[in-house]
Each structure stands twice: as structure tokens, then as C-alpha cells.
Ligand SMILES: C[S@@+](CC[C@H](N)C(=O)[O-])C[C@H]1O[C@@H](n2cnc3c(N)ncnc32)[C@H](O)[C@@H]1O
């Protein structure tokens, strides 16, 4: 099997890194990456935060390819790829300061997005951050014609996938105990949403 390669990861990693630098704190110890795909983001970002243990995860189908990137990179603070399906599994039994995920919410089915947000609410403690990168629509409108076309392509392939409404994501995150601290406009009609876990309360 060849090493998987995502050209989009090479294009978006610089702008994403600039935002991560604003929201990953020097005291943070662990970051969980959900839906890490090829692992290209993990091998690029992890060395930029050498004191942070970076845990890349994805469905088992992605792990072999990701392992190729991770093994080759030999980065001390980058952990081995682990299986994590947010619709079935809990997070690894560790305290995470940050959960980062890129381009996943429009791929996961909405019920799985909701399970993911519920897990975030259960497992992150006050002040921990959840960071979502990808396309979103606002007030029922796509942010560009290309995003509308992308949404159609996604739905033709899998009717339960598709670009999510920011309002749905935001309402679910609030319900699970988070506040939105930043919504960045990113290149290529993407967004980067930064959430912070509020004081812990038991959420449904
Ligand atoms: C478009 S790829 C994004 C990969 C990478 N983060 C990037 O930005 O290039 C979407 C990823 O979400 C993962 N994914 C889909 N459903 C998932 C689930 N239920 N739990 C965890 N990951 C999931 C897929 O396996 C895939 O790797």
C-alpha cells in the first residue's frame, strides 16, 4: 500500500497552524485528533508543539495509511495512530486539553456528529478546547458556490453526509456545555470553530 496523500492537507496546514498556535496553551499536555485521515496534519503539527502529546485517531480503515506517515516521521511527541469511531467508542482514557478535528463533520452522519459532541461534553473539563475545521453553512446559505457544489457531491455519494449548519453545530455544542470563543474565516471557504468547555455540569 502506498502512503496516502491529501493535497488539501498541504494547502491548509499553514493557516490552520496559525490558529492552533493561538489556542494551544504552553500548559496543555494532550491533544486528541479525531478523523486524522492520512495523518499528514498530525506529522506537520505535532513537532510545532513539542511539549504536547498528539494522539491521532480514525476509523480502523484509515490506520494503516496513517501509520506509514507517523512511522516515517519519527516524532517523539506523536503517538501511534489509534482506532476511534465516535459513533461507537469512548475517547482513550486520558485527560485531553484539546480535541482537534478537520473536515470530518460533513463526512460523519449527523447522528454521529451529535454522539461526538456529546462525548466532548462528557470527557473535556473546564477550559479544554474543541476545534473544528471545515466548511459550514450559515443561516441556511453556503458561503460559496463551490461549497454548494461540494455539498451536492457529498450527498450524491452518501445522502446522510453533507455540509453542516453552523447553527446546528453551535446549538449542540452549547447543549453539551461549550461556548464558542472564536469562528475564524479560513482560506478556500472553510471555517475554524474554537469552543471552550464551561464549568462542568452533567449534560444529557
Ligand atoms: C475528509 S476526511 C478528513 C481527514 C483529515 N482530517 C483531513 O483534513 O484531511 C474525513 C475523516 O473522517 C473520518 N470519519 C468518518 N466517520 C468517522 C467516525 N464515525 N469516527 C471517527 N472518524 C470518522 C474518516 O475516516 C476520514 O478519515
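The values are calculated or read from the model by the stated rules, or taken from the named source; none is laboratory data. Worth saying up front: this structure is predicted, and the values here are computed from it rather than measured. Ideal geometry is used to build each Cβ from the backbone, glycine not excepted, and the neighbour counts take in all protein chains shown.
Side notes on the structure shown:
- Members of region 168-194 that are in contact (Cβ under 8 Å) with a residue 60 or more places away in the chain and part of a helix (DSSP H, G or I): 169, 187, 188
- Filter pass, residue 117 being within 15 Å of the ligand (Cβ to nearest atom) and crowded, with 20+ Cβ neighbours inside 10 Å: yes
- Set 6, 61: member being near the ligand (Cβ under 9 Å from one of its atoms) and free of Cβ contacts under 8 Å to residues at least 12 places away in the same chain: 61
- Any hit, region 77-85, residues being within 14 Å of residue 42 (Cα to Cα), free of Cβ contacts under 8 Å to residues at least 60 places away in the same chain, more than 11 Å from the ligand (Cβ to nearest atom) and surrounded by fewer than 13 Cβ atoms within 10 Å (Cβ to Cβ): yes
- When 17, 59, 31 are checked against the criterion of being at pLDDT 95 or above, more than 28 Å from residue 109 (Cβ to Cβ) and within 15 Å of the chain's Cα centre (by Cα), 17 stands alone in meeting it.
- Of residues in region 25-37 being surrounded by fewer than 21 Cβ atoms within 10 Å (Cβ to Cβ) and in a loop (DSSP other than H, G, I, E, B), the one nearest to the ligand (Cβ to nearest atom): 28
- Residue in region 44-52 that is closer than 29 Å to residue 183 by Cβ, surrounded by fewer than 22 Cβ atoms within 10 Å (Cβ to Cβ) and within 13 Å of the ligand (Cβ to nearest atom) present: yes
- Of the residues 96, 132, the single one that is more than 30 Å from residue 1 (Cα to Cα), surrounded by 18 or more Cβ atoms within 10 Å (Cβ to Cβ) and modelled with pLDDT of 95 or more is 96.
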